[in-house]
Amino acid sequence: MTSADTTTEQFPVRVFGGPTALFEYGGLRLLTDPTFDAPGDYYESGQRILTKTAPPSGSSADLGRIDVVLLSHDEHPDNLDNSGRVLLADVPLTLTTPEGGRRLGNRAKGLADWESIELDRPGGGRITVTGVPAIHGPGAREDVEPITGQVVGFVLTGEGLPTVYVSGDNASLDAVKEIAERFEPVDTAILFAGAPRFPGVLFDGALIVLDSVQAAEAAEILGTRRVVPVHYDSWAHFTEGRDELVAAFTAAGLVDRLDLGDER
């Protein structure tokens with residue numbers, strides 16, 4: 001639960017398109033799933049071609065210092081692309097899945113569900129980053145992970161700081177309920193949305209990440225006062241965008257919580 005002296009000031013989040021967002025928390029600069037490649041076709045695991053339809057709103061060269069990358073998973077080019085892999089070499093710490101941590105090497109650390117790491121703040125004190133469940137497709141984890149791989153979300157907490165949830169590529173509201181049981185209310189939720197589907201190719205076209213209606217439901221479950229949506233533009237397999245998000249949050253009576261201000 002959020003302590004009484006926790007700041008209520010909203011910190012800026014810069015969204016670059018796709019799943020990539022930059023924010024400062026407790027004096028540390030954090031970046032989610034870095035994707036800075038140009039539009040074009042990209043192969044995923046040598047099986048599917050993912051088509052990027054728009055460039056990012058800025059380049060990796062414009063980021064400045066990055067202290068930590070929060071990487072939901074490393075296996076798909078719409079979450080970690082070629083430019084993103086280059087960027088990781090200059091970042092002191094990348095937090096990701098246990099399998100991804102082994103693949104990415106010494107500067108990466110994998111977090112299992114509910115595993116936490118404490119990070120020193122520049123001005124003293126610490127923040128805690130906890131790995132939380134995420135399922136990249138419909139159904140049970142044991143059925144989904146062999147096809148789409150491991151994914152992890154993150155919850156950030158710290159003394160006097162708001163609670164922040166970064167969902168990663170998650171399609172499970174049951175996972176969101178588990179997270180809410182431990183961390184609700186969440187101040188800011190960076191929710192991956194976009195309703196990505198691969199009809200006739202993957203899971204019979206079922207959602208592999210939240211759609212807009214589910215994102216609004218996740219916001220309600222978490223008790224969050226602000227949702228920064230990401231992962232809903234710039235790729236052809238995203239089937240819902242800004243208009244659908246606004247409509248869903250409006251229908252749920254939550255549009256005042258939707259923060260689209262620092263996007264593209």
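Could you please let me know if Val152 is farther than 18 Å from His76 by Cβ, of a type outside the set (D, E, K, R) and buried (at least 21 other Cβ atoms within 10 Å of the Cβ)?
Answer is no for this residue.
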Discussion item. Show the residue pairs meeting these rules: Cβ distance below 6 Å; 6+ apart or different chains; first residue within the range 101-114 and under 26 Å from Lys177 (Cα atoms); second residue assigned to a loop (DSSP other than H, G, I, E, B).
Written reply: Gly110/Thr97
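Do we have any residue at all in the range 140-152 that's acidic (Asp, Glu), farther than 20 Å from Leu71 by Cβ and in contact (Cβ under 8 Å) with a residue 24 or more places away in the chain?
no
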Worksheet item: Tell me, which residue of the range 234-246 that is under 10 Å from Ala193 (Cβ atoms) and crowded, with 18+ Cβ neighbours inside 10 Å is farthest from the chain's Cα centre (by Cα)?
Response: Glu244
Worksheet item: Which residues, taken from the range 12-57, are among the small types (Gly, Ala, Ser) and touching a Leu at 6+ places or on another chain (Cβ under 7 Å)?
Response: Gly26
Worksheet item: Within the range 124-157, which residues are among the aliphatic types (A, V, I, L, M) and closer than 18 Å to Leu191 by Cβ?
Response: Val129, Val132, Ala134, Ile135, Val151, Val152, Val155, Leu156
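Name the residue, out of Ala171, Ala218, that is in contact with a His (Cβ under 9 Å, 6 or more places away or on another chain), crowded, with 23+ Cβ neighbours inside 10 Å and within 18 Å of Pro19 (Cα to Cα). Break it down into steps so the answer makes sense when it comes.
Values: Ala218 fails: in contact with a His (Cβ under 9 Å, 6 or more places away or on another chain).
So the residue among Ala171, Ala218 that is in contact with a His (Cβ under 9 Å, 6 or more places away or on another chain), crowded, with 23+ Cβ neighbours inside 10 Å and within 18 Å of Pro19 (Cα to Cα) is Ala171.
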Discussion item. Contact list please: Cβ distance under 8 Å, first residue in the range 84-95 and under 17 Å from Gly58 (Cα atoms) and of a type outside the set (D, E, K, R), second residue at pLDDT below 95 and buried (at least 18 other Cβ atoms within 10 Å of the Cβ), pairs at least six apart or on different chains.
Written reply: Gly84/Ser60; Val86/Ser60; Leu87/Ser60; Leu87/Leu63
Worksheet item: Inside the range 58-74, can you point out the residues that are surrounded by 21 or more Cβ atoms within 10 Å (Cβ to Cβ) and not in a loop (DSSP other than H, G, I, E, B)?
Response: Val68, Val69, Leu70
Practice prompt. Please enumerate the residues belonging to the range 216-264 that are among the small types (Gly, Ala, Ser), touching a residue at least 40 places away in the same chain (Cβ under 8 Å) and more than 19 Å from Val155 (Cα to Cα).
Written response: Ser234, Ala236, Gly241
Practice prompt. Inspect all residues belonging to the range 247-260 and state whether any of them is at pLDDT 95 or above, out of contact with any strand residue (DSSP E or B) (no Cβ under 7 Å at 6 or more places or on another chain), buried (at least 21 other Cβ atoms within 10 Å of the Cβ) and farther than 30 Å from Ser59 by Cα.
Written response: yes
Worksheet item: Out of all the residues in the range 135-147, which are in contact with a strand residue (DSSP E or B) (Cβ under 8 Å, 6 or more places away or on another chain) and crowded, with 20+ Cβ neighbours inside 10 Å?
Response: Gly137
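The values are calculated or read from the model by the stated rules, or taken from the named source; none is laboratory data. This one's a predicted model, so the numbers in the text were calculated from it and none came from an experiment. All Cβ positions, even for glycine, are placed from backbone atoms using ideal geometry, and neighbour counts span all protein chains on display.
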